[in-house]
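Just below is one structure, and these are the notes that go with it.
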Number of protein chains: 2
Amino acid sequence: MAQFINSKENIVTEAVDGVVAASGGRLARLDGYPHIRVVVRNDWDKSKVALVSGGGSGHEPAHAGFVGPGMLTAAVCGDVFASPSVDAVLAGILAVTGPSGCLLIVKNYTGDRLNFGLAAERARAFGLNVEMVVVDDDIALPDLPQARGVAGTLFVHKIAGALAEVGADLSTLAAAARKVISGLKSIGMSLDTCTVPGSPKEDRIPIGMAELGLGIHGEAGVEQVAFNGARDAVSAMVSKLSVNLENKAHIALVNNLGSATVLEMSVVLYELINSEIGDRISHVVGPASMMTSLDMKGFSISLYPADTQHIELLATPTPLNAWPGISLIQPVTSLALPDGLTPIAPLASEHEPTRQFLIDCCRVLIEAESDLNALDTKSGDGDTGSTLAGAARALIDAMERLPLADHTQLYRAIGLELSQTMGGSSGVLLAIFFAAAGDGASSGLPMRKALKAGLDRMQEIGGAQIGDRTMVDSLAPALETLDNGLSDAAAAARAGADHTATIIKARVGRASYLSAQQLEGHNDPGAEAVARLFEHLAR
Amino acid sequence: MAQFINSKENIVTEAVDGVVAASGGRLARLDGYPHIRVVVRNDWDKSKVALVSGGGSGHEPAHAGFVGPGMLTAAVCGDVFASPSVDAVLAGILAVTGPSGCLLIVKNYTGDRLNFGLAAERARAFGLNVEMVVVDDDIALPDLPQARGVAGTLFVHKIAGALAEVGADLSTLAAAARKVISGLKSIGMSLDTCTVPGSPKEDRIPIGMAELGLGIHGEAGVEQVAFNGARDAVSAMVSKLSVNLENKAHIALVNNLGSATVLEMSVVLYELINSEIGDRISHVVGPASMMTSLDMKGFSISLYPADTQHIELLATPTPLNAWPGISLIQPVTSLALPDGLTPIAPLASEHEPTRQFLIDCCRVLIEAESDLNALDTKSGDGDTGSTLAGAARALIDAMERLPLADHTQLYRAIGLELSQTMGGSSGVLLAIFFAAAGDGASSGLPMRKALKAGLDRMQEIGGAQIGDRTMVDSLAPALETLDNGLSDAAAAARAGADHTATIIKARVGRASYLSAQQLEGHNDPGAEAVARLFEHLAR
């Protein structure tokens, strides 16, 4: 799979410059390209304890996305999945550390431990006060003495960051960070491996399987399990997380590992809340992409037992969009449906001339059924005649419940009937036509203007203009001339309908996909229906 | 590709419940499952103009993720890529619309126009004041009269939402929305099609190609173009966007269509800023997933000519994490590298006994090279002897620049030499050992305690404990007994080294990947080196 990068060598420097440029001046970077790629707060005054993290790239927004007020002071960015050099880490430490010292937050990988560790030694030789904490939240391999550091690291960034922002000293920060680390548990699951820039993709996970307990650098999962949907997947993770899980409220951090969709992540969260440990999850951070593994189609769940102080620190506002905030989990509030979804049927009333007029119109459309279908075969799917005839038959059947004596209500009632019986776009458009005409009539417009108001609304919603080879081509001129009498209107409708046979490029509807040759010489069936209706009425 | 869902039928209801549950009580939904899926603000008092949007699902976080203070009042969620029903839209309108009325924000697709349009008519029949605006920002097909609505819709949500929040009336809102829409331009690019739940994936885009000007429902792009990296991709999009682009500042909204990585999106932003229209981009929204197309590996760029009022409205805070905020684009600030990266060389000094002692130690390691390599072949990659001998040779060569007469400085100097000449983890660990021992010595510790401080730090960083089959197994007991004289220390080191041959499960380092059978009977080479050193010194 190709990627939106330029070259493997420049990924990190270009991405860092993108992040810094779009930070609104909040961030800067050290002038150490290509090897030293350190993002720092541009507003830092060294009076507070500096928080420095980092590691290999490929986990964005971690860590550069978390540099800013209330979180990190600097992020040291290695190559993709490779620890930054000792010099790069040292540069980061020296750039931001003042008399209050510096806390290094390191994920538990040998390279990171060693490089951050040696950089810390070199910084100490300058008299700087440097502490280092190592995050090891991955529970995939419970017997592994050196558990990996994964997405739970975000809890450390946020809690230590909020403490540093209010002036906590280094030993307080380090103690708080260690407390968080000791309570963290994380596990990941993925349906596919990630694509490392410049390397062929490893096809390790067979279709129908998922990896449970995988690392964030493409390391294989502890086991491959059959994949049977989101519920089973979350359940398998929960069964790992629930081992020795304290019987108290926890904060869940739900992390997108790369290319699970936002839709899927919401389903995952739904399943987590409804899982067997759902009642022990009081808050959630995410779902969001926080500690990714490039484009891995997976996610991780981290749990941390909440205490009031740490919930408050997690909730402290930060301007960093990469931090999704923390939310209280609550039962879903379901509001009653509003009244009005079942339309109030108008009071039926009798008016014999109107009944006959409507039935007459309906019969015109019923008689035209096969002709209109034949025309539609030339430009559409051949069903315009049947659609209109079906609606006409349904309207005849509905005559007993129409308010025939109340003409302002009648438009809306016809619109309502059509919206319920006539399928497709044309049904909705005619329903809109009659509903808007009814609005016009009820606000006192005479018939022609009310119908024109209906046409305007139908055009606004449907988008058809004159010349677009639709029923508008005959209906619009007919209404325009209606004040001169039905004969003029019928003539105008006929001229408009016949003109559609010369329109060889349709702009809207299905006919817009056809060629000039296919369309030429055939009237648009909708326009023809309107013309026949007016011609009948004029007789 | 499998997906983290349970069934196609339940995706939207489960995802909506996930979103509502994690909203901290901010959101509710209507009780209309399974067909009516409407997310509404739970704190809405109907005194302000309601903003209702929606459409097919599959574009998350649009639209439910944008329901909240300063943005939408309700989102109506259809099935994946399918317009919601008229009843669902009407339910949404009726649930939130009060005397100030309602603005419908609709993307320009026939289904959405018709269903939102008819719902608006039905709402008007209840006397509600409803206006509808249609977003058509896609410039992929410049001659298409009905341009699609894509990610530019977010500008409308945010600007109209901020206006509604401060009490603007419906006509003001509709006018502002139409002004925004008239200035919007968007275009998308993708390297692959999206995976529609329940449908086989369409393999439409060949390897090495990208689609330019594609829709957000899997519609094919206007053209397939050769893909030559991020710079070319952005340049192709910019050449479309720059047609008739006003010569003034614009806001760029950079939208992840699904599964481009966060890393790639930063590179894309970098290229956009550095493109030929870069100087006309004053602000950016994103990069972020705002209007996705399920898991499409692509992105879109939307441009809107900034005016001060609209920039302020875009910058108005909202608690919605799905809205990434707006940032001023600024040149990258590059700070000078801190002093101290080039370590200050200690002042060389002569002290013949120390020189002889060090050279002596180095020779022990050089002589042991092949023995230690042979041992390492059993448990590692066979190079421990060469690594140590190489470092020893380099240290002999460095003798002229060492502070031989200043023992407190000497530790640090040796650490520095080792960090520069000795590769691999062991080089870093020994550098940490000597650096920390130097710290101890310079703070006044006697030799044994200084070395012990070095060991402690090395263990802290490296993670090795006694019994882990490392050099710690001989070094720790040697230092423990050093006060009793070198003979005791040598005996303790030997006993520790020999004991490693019985440790059949290594916890750290490369040996941890080997079986008991492979390890049994062979001393750890690092432990053996330490033992040989002490044995030599004791003679």
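The values are calculated or read from the model by the stated rules, or taken from the named source; none is laboratory data. Bear in mind that the values here come from a model prediction, so they are computed numbers and not experimental data. Positions of Cβ are backbone-derived with ideal geometry, glycine not excepted, and every protein chain shown enters the neighbour counts. Accessible surface areas use protein heavy atoms only, side chains included; no ligands, DNA or RNA. Shrake-Rupley method; radii C 1.70, N 1.55, O 1.52, S 1.80 Å.
Structural remarks
- Restricting A:Arg412, A:Arg363 to residues that are surrounded by 15 or more Cβ atoms within 10 Å (Cβ to Cβ), charged (D, E, K, R), within 46 Å of the chain's Cα centre (by Cα) and farther than 30 Å from A:Ala516 by Cβ narrows the list to A:Arg412.
- Those strands (runs of 3 or more DSSP E) of region A:2-118 in which at least 2 residues are out of contact with any Asp or Glu (no Cβ under 8 Å at 6 or more places or on another chain) and facing chain B (nearest Cβ under 8 Å), considering only elements entirely within it, cover A:27-30.
- Taking (1) touching a strand residue (DSSP E or B) at 6+ places or on another chain (Cβ under 8 Å); (2) within 14 Å of chain A (Cβ to nearest Cβ); (3) free of Cβ contacts under 8 Å to residues at least 60 places away in the same chain in turn, B:Ala413 satisfies each apart from (3).
- From B:Val238, B:Val267, B:Val180, B:Val234, residue being open to solvent by less than 60 Å² (accessible area, probe 1.4 Å), touching a helix residue (DSSP H, G or I) at 6+ places or on another chain (Cβ under 6 Å) and more than 11 Å from chain A (Cβ to nearest Cβ): B:Val180
- Hits in region B:241-258 - residues which are among the small types (Gly, Ala, Ser) and crowded, with 24+ Cβ neighbours inside 10 Å: B:Ala252, B:Gly258
- Helices (runs of 4 or more DSSP H) wholly inside region B:465-539 containing at least 1 residues that are at pLDDT 90 or above: B:472-481, B:486-499, B:525-538
- Of the set (1) within 14 Å of another protein chain (Cβ to nearest Cβ); (2) over 37 Å from the mean Cα position of the chain (by Cα); (3) surrounded by fewer than 16 Cβ atoms within 10 Å (Cβ to Cβ), all apply to A:Gly424 but (2).
- Set B:Ser239, B:Ser235: member being within 18 Å of B:Ala260 (Cα to Cα) and modelled with pLDDT of 95 or more: B:Ser235
- Members of region B:141-192 that are within 16 Å of B:Val285 (Cβ to Cβ), in a helix (DSSP H, G or I) and of a type outside the set (Val, Ile, Thr): B:Leu154, B:Phe155, B:His157, B:Lys158, B:Ala160, B:Gly161, B:Ala162, B:Gly183
Listed here are the residues, each with its yes/no results for (1) within 23 Å of the chain's Cα centre (by Cα); (2) assigned by TED's automatic domain parsing to the domain that holds B:Glu219; (3) loosely packed, with under 15 Cβ neighbours inside 10 Å; (4) β-branched (Val, Ile, Thr).
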residue	(1), (2), (3), (4)
B:Ser289	yes, yes, no, no
B:Pro338	no, no, no, no
B:Pro343	no, no, no, no
B:Pro346	no, no, no, no
B:Gln356	no, no, yes, no
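- Selection count where residues are touching a strand residue (DSSP E or B) at 6+ places or on another chain (Cβ under 8 Å) and open to solvent by 10 Å² or more (accessible area, probe 1.4 Å), scope region B:195-210: 6
- Pairs linking a residue in region A:437-461 that is within 17 Å of A:Ala478 (Cβ to Cβ) to a residue that is of a type outside the set (S, T, N, Q) and surrounded by fewer than 16 Cβ atoms within 10 Å (Cβ to Cβ), with Cβ atoms under 7 Å and 6 or more positions apart or on different chains, are A:Arg448/A:Asp483.
- Whether a residue is closer than 25 Å to B:Leu118 by Cβ, open to solvent by 10 Å² or more (accessible area, probe 1.4 Å) and modelled with pLDDT of 95 or more was assessed, and B:Arg37 passes this test.
- Residue tally, condition within 30 Å of B:Gly467 (Cα to Cα) and either surrounded by fewer than 24 Cβ atoms within 10 Å (Cβ to Cβ) or outside the structural domain of A:Pro69 (by TED's automatic domain parsing) (or both), over region A:142-175: 9
- Filtering region B:254-264 to residues that are in contact with a Gly (Cβ under 9 Å, 6 or more places away or on another chain) and either of a type in the set (D, E, K, R) or facing chain A (nearest Cβ under 7 Å) (or both) leaves B:Gly258, B:Ser259, B:Ala260, B:Thr261, B:Val262, B:Leu263.
- Hey, A:Ser379 surrounded by 15 or more Cβ atoms within 10 Å (Cβ to Cβ), among the hydroxyl-bearing types (Ser, Thr, Tyr), out of contact with any Ser or Thr (no Cβ under 8 Å at 6 or more places or on another chain) and farther than 26 Å from A:Gly440 by Cβ or not: yes
- Test: residue in region B:130-138 that is more than 14 Å from chain A (Cβ to nearest Cβ), crowded, with 23+ Cβ neighbours inside 10 Å and within 23 Å of B:Ser293 (Cα to Cα): yes
- Condition broken by B:Asn274, with the remaining ones in (1) under 16 Å from A:Ser259 (Cβ atoms); (2) more than 8 Å from chain A (Cβ to nearest Cβ); (3) open to solvent by 10 Å² or more (accessible area, probe 1.4 Å) satisfied: (1)
- Selection status of B:Asp295, within 8 Å of another protein chain (Cβ to nearest Cβ) and either open to solvent by 10 Å² or more (accessible area, probe 1.4 Å) or modelled with pLDDT under 95 (or both): yes
- The number of residues in region A:436-446 being out of contact with any His (no Cβ under 8 Å at 6 or more places or on another chain) and either part of a helix (DSSP H, G or I) or of a type in the set (D, E, K, R) (or both) comes to 6.
- Residues in region A:366-376 that are over 15 Å from A:Leu533 (Cα atoms) and open to solvent by less than 50 Å² (accessible area, probe 1.4 Å): A:Asn373, A:Leu375, A:Asp376.
- Filtered by the rule that a residue be in contact (Cβ under 8 Å) with a residue 24 or more places away in the chain and either small (Gly, Ala, Ser) or outside the structural domain of B:Val166 (by TED's automatic domain parsing) (or both), region B:313-325 gives B:Ala322, B:Gly325.
- From B:Ile504, B:Ile466, residue being closer than 30 Å to A:Ala119 by Cα, within 41 Å of the chain's Cα centre (by Cα) and surrounded by fewer than 20 Cβ atoms within 10 Å (Cβ to Cβ): B:Ile466
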